[in-house]
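I have a structure I would like to understand better, so I am pasting it below and will then ask my questions one at a time.
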Amino acid sequence: MQPAIEVPFTDLSAMAREVWPDIETTYTEALLAARYVGGPAVARFEENFARYCETSHAVGVANGTDALQLTLQALGIGAGDEVIVPSNTFIATAAAVVRAGAIPAFVDVDPDSLLITPAILAAAITPRTSAVIVVHLYGNMPDMDGLVAVADRAGISLVEDAAQAHGAEWHDRRAGSFGAAGCFSFYPGKNLGAFGDAGAVVTNDETLSRKIRSLANHGRDGGANHYEHSFIGTNSRLDALQAIVLDAKLARNEDWTEARISFADRYRKELAGSRTLRLTEVDPLARHVYHLMVVRVADREQVQKVLQDNGIQTGVHYPVPCHLQPPLRQYATGPLPVCEQAAVEQFSLPLFPHMSRAQVDRVCEVLDEVSAR
């Protein structure tokens with residue numbers, strides 16, 4: 001018999017309950033008006049999200065994977081082009097490269113932060129490199145000043161995978177504002193999540209934003225003739241109902257983010273002296289927004305089992321690095337030891353804005369007991 005859940009991994013219903021009173025009327029009106037795709041609700045959210053990310057433009061799309069693929073396509077990246085991708089990430093990062101017709105060039109990550117570094121990027125660039133996707137994994141940002149400098153010197157595009165990093169910062173500058181574009185997911189479990197799938201691309205390049213918007217809308221250029229298409233695009237549009245939800249959640253995102261940071265700081269304080277757990281490093285210049293609270297331990301399955309037996313849910317992000325995923329192995333050029341070691345050690349502790357300090361303390365208490373054995 002499974003023990004009762006004392007500390008859930010997350011609680012999406014609490015966030016929904018908080019925003020529902022504010023959106024119920026608007027949501028119902030949109031349903032009855034039958035304005036489901038695009039329209040004022042989408043335009044309003046795009047404007048607000050661009051402002052939040054400190055960029056000039058935002059284009060709502062269907063999901064975060066499409067955000068990456070459409071950005072690569074709009075940048076002209078395709079067949080024969082190589083795109084550098086850290087292997088310790090969700091498969092969508094690399095899948096977007098393949099779907100765009102390009103070749104993922106997998107690289108290892110820093111052993112302390114589990115993120116790409118300027119040195120790793122510089123060493124991986126070849127004459128075939130067209131771009132790098134910098135992943136702000138778990139909500140943490142790497143050295144963006146250094147990475148931008150390396151990319152600029154090499155003449156390659158830098159695209160930010162900010163799917164887990166809404167509101168994250170490097171040196172007081174928001175995620176999504178550094179590269180050619182920043183790509184976000186609004187999957188329900190994200191820090192800023194919709195009631196279904198959704199995504200967005202932010203950029204300061206007006207031409208790029210228009211191209212992405214057109215690609216996401218069957219190649220339409222916004223002209224008077226709705227059935228005239230400038231090129232082959234796809235169907236990847238943000239719908240009005242999700243935009244209404246996202247706009248309401250965006251207004252609360254800073255409060256929710258500060259709650260996440262507060263709970264993560266408590267985890268870090270209580271677990272700092274652990275003999276068995278290893279915490280990921282956060283640069284003092286970074287604002288980590290803690291989409292995930294990731295720790296590493298040698299006997300992960302055993303530790304997770306003890307937590308589970310005490311009613312504490314955990315997750316693993318991610319158990320298989322991209323270069324070892326069956327459909328991507330053909331692109332691997334050799335072992336990536338840091339990614340491979342992290343994949344067998346890392347797991348994620350419960351963390352969400354509506355949890356309690358007592359729940360955090362309970363997780364730490366059980367982990368301390370495990371460490372003392």
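None of the figures in this text is laboratory data; all of them are computed from the coordinates on show. Treat the numbers as computed from the prediction; the structure is a model and nothing was measured. Backbone-built Cβ (ideal geometry, glycine too); neighbour counts: all protein chains shown.
Search the structure for amide H atoms under 5 Å from the amide H of ARG252, placed 1.01 Å from N in the peptide plane, and list their residues when 5 or more places away or on another chain.
none
By count of other Cβ within 10 Å, fewest leading, how are ASP239, ASP110, ASP11, ASP255 ordered? Before the final figure, lay out each step's value.
Working: ASP239 21, ASP110 18, ASP11 14, ASP255 11.
So the ranking, lowest neighbour count to highest, is ASP255, ASP11, ASP110, ASP239.
Sort 273-281, 125-133, 189-197, 159-167 by the packing proxy (mean of other Cβ within 10 Å over each peptide's residues), most packed first. Provide the component values of the computation, followed by the final result.
Numbers: 273-281: 15.6, 125-133: 18.3, 189-197: 20.2, 159-167: 29.1.
Descending mean neighbour count gives 159-167, 189-197, 125-133, 273-281.
I would also like to ask the following. In whole angstrom, how far apart do the alpha carbon centroids of the range 297-349 and the range 104-129 sit?
With the range 297-349 and the range 104-129 each reduced to a Cα centre, they are spaced 20 Å.
Take the Cα coordinates of the range 216-373, assign each an equal point scatterer, and use the Debye formula without solvent to give log10 I(q)/I(0) at q = 0.10, 0.11, 0.12, 0.21 Å⁻¹.
Those come out to -0.57, -0.66, -0.74, -1.27, one per q.
Which value, in debye to the nearest 20, describes the size of the charge dipole of the range 243-330 about its Cα centre when Lys and Arg Cβ atoms bear +1, Asp and Glu Cβ atoms bear -1, and nothing else is charged? List each step's numbers first, then the result.
Values: 13 positive and 11 negative charges, 49 e Å.
Here the size comes out at about 240 debye.
Whole-Hz ³J(HN,Hα) for each residue in the range 140-156, computed from phi via Karplus 6.51 cos²θ - 1.76 cosθ + 1.60 with θ = phi - 60°, x for glycine and proline: what do you get?
9, 10, x, 5, 6, 4, x, 5, 4, 4, 5, 4, 5, 4, 7, x, 10
Counting alpha carbon pairs within less than 8 Å and at least 6 residues apart, what relative contact order, in whole percent, applies to the chain? Please report the intermediate quantities before stating the final value.
Values: 776 pairs, mean separation 86.0, N = 373.
With pairs under 8 Å counted, the relative contact order is 23 percent.
State, as an integer percentage, the relative contact order of the range 235-373 based on alpha-carbon contacts under 8 Å between residues 6 or more apart. Numbers along the way, then the final one.
On the way: 130 pairs, mean separation 44.8, N = 139.
Value for the range 235-373: 32 percent.
If you stretched the chain out fully between ASN235 and GLU365, how much longer would it get, using 0.36 nm times the residue separation minus the C-alpha to C-alpha distance?
On the way: separation 130, 0.36 × 130 = 46.80 nm, distance 4.88 nm.
Fully extending the segment from ASN235 to GLU365 adds 41.9 nm.
Now for a different question. Largest first and to the nearest Å, give the Cα extent of the range 148-219 along each principal axis.
41, 34, 16
Now, a different point. What's the local net charge at GLU345, with K and R +1, D and E -1, over the other residues with C-beta under 12 Å away? Write down the numbers at each step before the final one.
Numbers: positive: ARG278, ARG296, ARG300; negative: ASP299, GLU301, GLU340.
For residues surrounding GLU345, the net value is 0.
Now for a different question. Within 10 Å of each residue's Cβ, count the other Cβ atoms and sort SER113, SER87, SER13 from fewest upward.
Values: SER113 20, SER87 29, SER13 10.
Fewest-to-most ranking of SER113, SER87, SER13: SER13, SER113, SER87.
When the dipole is taken about the Cα centre of the chain, and only Lys, Arg (+1) and Asp, Glu (-1) are charged at their Cβ, what size is it in debye, to the nearest 20? Before the final figure, lay out each step's value.
Details: 31 positive and 45 negative charges, 91 e Å.
Here the chain has a charge dipole of around 440 debye.
Right, here's the next one. Work out how much length GLU228 to GLN308 would gain on full extension: take 0.36 nm times their residue separation and subtract the Cα-Cα distance, in nm to one decimal. Can you show the working numbers first?
Details: separation 80, 0.36 × 80 = 28.80 nm, distance 5.64 nm.
Result for the pair: 23.2 nm of gain on full extension.
Please list the non-local residues whose amide H lies under 5 Å from the amide H of VAL61, H modeled 1.01 Å from N, same-chain partners needing a gap of 5 or more.
Hits under the 5 Å cutoff: GLY199, ALA200, VAL201, LEU238.
Which FRET efficiency value, to the nearest 0.05, is calculated for ALA358 and ARG153 with the Förster distance at 51 angstrom and r the Cβ-Cβ distance? It would help to have the intermediate numbers written out before the result.
Details: r = 50 Å, r/R0 = 0.99.
Efficiency at R0 = 51 Å is approximately 0.50.
What is the fewest-to-most order of MET293, MET141, MET355 by other Cβ atoms lying within 10 Å of their Cβ? The partial results should precede the final answer.
Details: MET293 26, MET141 30, MET355 20.
Ranked by crowding around the Cβ, least crowded first: MET355, MET293, MET141.
A further question follows. Cα extents of the range 234-327 along the three principal axes, largest first, in whole Å?
49, 38, 33
Further, regarding this structure: How many angstrom separate the Cα center of the range 1-79 from the Cα center of the range 204-241?
Distance between centres, Cα-based: 18 Å.
Dividing the Cα convex hull volume of the chain by residue count, how many Å³ per residue is that? Don't jump to the answer; show the numbers that get you there.
Working: hull volume 54.3 nm³, N = 373.
So the per-residue Cα hull volume is 145 Å³.
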